[in-house]
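The values are calculated or read from the model by the stated rules, or taken from the named source; none is laboratory data. Source: prediction; values computed, not measured. Here the Cβ positions follow ideal geometry from the backbone for every residue, glycine too, while neighbour counts run over all protein chains shown.
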Amino acid sequence: MVGQVSETGATAVAYERKGYGRGLILGLTMAETMLLLVFCLLLAAGAIIAKKQKQTAEAQKIAQSLKLESRKLDEENKRLLAQLNEMVKPAAGRNLPDQQWRELVLAKETIETIKRAGVSVQELVKNAPVTKILSDNDVDAEQAQAMIERTKVLKEFGYVGTAKTLKDLSDALRKADAPVAAAKPHDWPPIISLSELDGYNFDTGSAQLSDRFRTRLRDLSKTIAGIATSYGVDVIEVIGHTDEQVMSGQSSNMDKGLQPVLAGKVEVGTLHPADNAGLGLARAISVTSILREMPELKGFTILPMSGGQLILPGDHLTNGEQVGDVKARRRIEIRVRQRSRETDLAAGVGSKS
């Protein structure tokens with residue numbers, strides 16, 4: 001009986017030990033294990049916090065350094081700005097640099113405008129005193145031209161630079177009005193200028209007329225005929241002018257090609273000029289071919305000519321300084337004149353063509 005109880009007691013003790021062992025981890029209870037885990041987490045958190053604090057301290061140190069550097073740069077900028085202000089401070093009679101720059105740009109634009117008008121800067125400077133006098137007295141171009149015509153007559157009669165009576169001068173002034181009021185031997189026919197500035201365009205390097213140019217030229221034929229008839233002339237000159245842009249890249253066929261074009265056998269587009277003189281002539285021939293078709297101009301001799309790049313608007317010979325793309329120089333001028341009868345007789349020509 002005793003042996004039976006001992007066996008039962010031993011079993012109970014073994015069972016309790018087994019149950020107790022189930023609540024242990026590596027020999028530690030659950031509570032101890034949890035405490036150990038919390039301790040480890042606290043250590044890890046402390047390490048992370050310490051690292052972040054270190055990084056924050058370094059960032060603050062860098063920020064402080066950048067702040068000091070920025071302050072130094074601001075002070076340097078202020079010093080440089082002060083020096084710059086001293087350098088550009090206007091002295092007596094001197095403009096600021098930006099004002100000088102604007103004046104230079106305006107001067108350049110003014111010179112370009114003068115060149116496009118076909119007048120050289122030297123001519124403008126030379127005639128500046130006369131221009132100022134006319135401007136101060138509100139004299140426009142038309143009035144100035146009338147004054148010139150009157151002065152010519154005064155010179156013819158000796159009333160310029162001499163002291164004569166008021167009556168003599170009054171008579172001379174009345175005579176001076178005559179060229180302005182009516183046509184006289186020195187009252188020359190006007191020159192008709194068909195400038196690229198006014199829309200009379202050719203393609204670059206070409207003598208081919210556009211449709212718009214042809215239409216305007218046909219409308220202009222009545223005006224040309226009216227001028228020629230009113231002045232009693234029988235020759236119409238068509239003069240082609242170009243700018244001074246150099247042509248290159250092709251050979252000329254003008255020597256062989258001119259006559260077939262003039263005879264109307266081939267189109268003017270077959271001509272290939274190699275220089276500005278040839279281009280001016282080809283364009284004059286192109287205009288001439290249209291004018292010869294106009295019934296209003298039948299009976300007049302129409303002659304194509306070339307001024308090339310030599311003659312500026314206003315009949316001034318170029319000095320070679322007007323280079324580049326100048327629309328005012330690319331033009332066709334139409335002039336009328338009387339045929340030289342002596343030349344006709346010598347050549348055996350007696351009829352108009």
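Within region 197-250, which residues are in a strand (DSSP E or B) and either modelled with pLDDT under 90 or more than 32 Å from the chain's Cα centre (by Cα) (or both)? Listed by number, the residues that qualify are 202, 209, 235, 236, 237.
A quick yes/no check of all residues on (1) touching a helix residue (DSSP H, G or I) at 6+ places or on another chain (Cβ under 9 Å); (2) of a type in the set (S, T, N, Q):
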site: 222; (1), (2): yes, no
site: 248; (1), (2): no, yes
site: 263; (1), (2): no, no
site: 269; (1), (2): yes, no
site: 300; (1), (2): yes, no
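Table: residues versus (1) loosely packed, with under 14 Cβ neighbours inside 10 Å; (2) in contact with a Ser or Thr (Cβ under 9 Å, 6 or more places away or on another chain).
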| residue | (1), (2) |
| --- | --- |
| 209 | no, yes |
| 212 | yes, no |
| 221 | no, no |
| 230 | yes, no |
| 234 | no, yes |
| 239 | no, yes |
| 252 | no, no |
| 256 | yes, no |
| 260 | yes, yes |
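Among the conditions (1) buried (at least 17 other Cβ atoms within 10 Å of the Cβ); (2) within 29 Å of residue 324 (Cα to Cα); (3) touching a Ser or Thr at 6+ places or on another chain (Cβ under 7 Å), residue 287 misses just one, which is (3).
Among the numbered conditions (1) within 26 Å of residue 222 (Cβ to Cβ); (2) modelled with pLDDT of 90 or more, the only one that residue 278 does not meet is (1).
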